[in-house]
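Beneath this line is the structure, given in structure tokens, with notes to follow.
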Amino acid sequence: MGKLIKKLREVKRPLLQVALDFTSIEDAIKLAKKISDLPIDIFEVGTPLIKAEGMKAVSVLKAFVGSEALVLADMKTADVGGLEVKLAHDAGADITTVLASSDEEVIMSALKAGKESGTDVVIDTLGIRNVAEKVRELTFLGVNTVNLHIGIDVQKSKGLTAGDVASKYSSLINEFRLHFSISGGIKAKDVRKIKNLGFQIIVVGSAITRSPNPRKSAELFISELHKN
């Protein structure tokens, strides 16, 4: 059992994951310094940051936040699943991501490497049209955590966020015994609805990282998540 699954089973509320979608380590750490003493459950090293700075971005962030918070390397792996899970683990990540659109062999390879190293693997549905069908397929592969994701380009083009479509996924949460996270333009006003639907991880990016006052914004999300 990885640290993410253990925490999901221990904590009686959704986890807050903050996505650091920067392109420089300096900018990511600058933001992290403003909120690292708050009860942030997961710090995400965003895909742009990994592509711009390499795996050292994961190592630097993990060294900064220490063992109190989990670190997710948003690799969005599409091939060589086992290798990329190992890269994430060796860099210090507790969690990594694999695209749901990947071949079954990729996902299975990643899950195997994750089990061996204690690294949690989250399957990202970015770009999947029939999410329900895909989630059903993933359950047969032994997946335990799925991220329902509305990408940034889709948000910009269609004016659509994860908060807008969260309710359409409620049947999946009720049907499948999986852990579900949700991401894509989520605002603090969306948290109550998302909590009530049963999502266990809420991923927040620009609502915190691009805020004029990131700390105040993070505190607002935390307050909403901790309400009964």
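The values are calculated or read from the model by the stated rules, or taken from the named source; none is laboratory data. Nothing here was measured: the structure is a model prediction, and the numbers come from that model. A quick note on method: Cβ atoms are made from the backbone with ideal geometry, for glycine too, and the neighbour counts reach across all protein chains shown.
Brief remarks follow.
- Figure legend. Inter-residue proximity from the range 104-118: first residues of a type in the set (Lys, Arg), second residues part of a helix (DSSP H, G or I), beta-carbon distance below 9 Å, spacing 6+ or different chains. Indicated pairs: Lys112/Gly81; Lys112/Gly82; Lys112/Val85.
- Considering residues of the range 10-28 that are touching a strand residue (DSSP E or B) at 6+ places or on another chain (Cβ under 9 Å) and farther than 19 Å from Ile186 by Cα only, the residue surrounded by the fewest Cβ atoms within 10 Å (Cβ to Cβ): Asp27
- Extreme residue, nearest to Ile95 (Cα to Cα), among residues of the range 214-228 that are free of Cβ contacts under 8 Å to residues at least 12 places away in the same chain and not in a loop (DSSP other than H, G, I, E, B): Ser223
- Residues that are among the basic types (Lys, Arg) and modelled with pLDDT of 95 or more, drawn from the range 8-49: Lys30, Lys33, Lys34
- For the range 90-109, filtering for residues that are within 20 Å of Ala19 (Cβ to Cβ) and surrounded by 19 or more Cβ atoms within 10 Å (Cβ to Cβ) leaves 9.
- Among the conditions (1) among the hydroxyl-bearing types (Ser, Thr, Tyr); (2) more than 18 Å from the chain's Cα centre (by Cα); (3) in a helix (DSSP H, G or I), the only one that Tyr169 does not satisfy is (2).
- Restricting the range 66-89 to residues that are modelled with pLDDT under 95 and either in contact with a helix residue (DSSP H, G or I) (Cβ under 7 Å, 6 or more places away or on another chain) or at negative phi (or both), the residue that is surrounded by the most Cβ atoms within 10 Å (Cβ to Cβ): Ala69
- Reported count of residues in the range 181-213, each being under 16 Å from Ala32 (Cβ atoms), outside any strand (DSSP E or B) and in contact with a strand residue (DSSP E or B) (Cβ under 9 Å, 6 or more places away or on another chain), is 4.
- Residue match in the range 22-38 (condition: among the charged types (D, E, K, R) and closer than 30 Å to Thr139 by Cα): no
- A single entry from Ile173, Ile150, Ile186 fulfils the requirement of being in contact with a Gly (Cβ under 7 Å, 6 or more places away or on another chain), more than 18 Å from Arg13 (Cβ to Cβ) and of a type in the set (Val, Ile, Thr): Ile150.
- Summed over the range 11-40, the residues that are free of Cβ contacts under 8 Å to residues at least 40 places away in the same chain and not hydroxyl-bearing (Ser, Thr, Tyr) give a count of 11.
- Within the range 164-209, being out of contact with any helix residue (DSSP H, G or I) (no Cβ under 7 Å at 6 or more places or on another chain), over 19 Å from Val154 (Cβ atoms) and surrounded by fewer than 16 Cβ atoms within 10 Å (Cβ to Cβ) holds for Ser171, Asn174, Glu175, Arg177, Lys189, Asn196.
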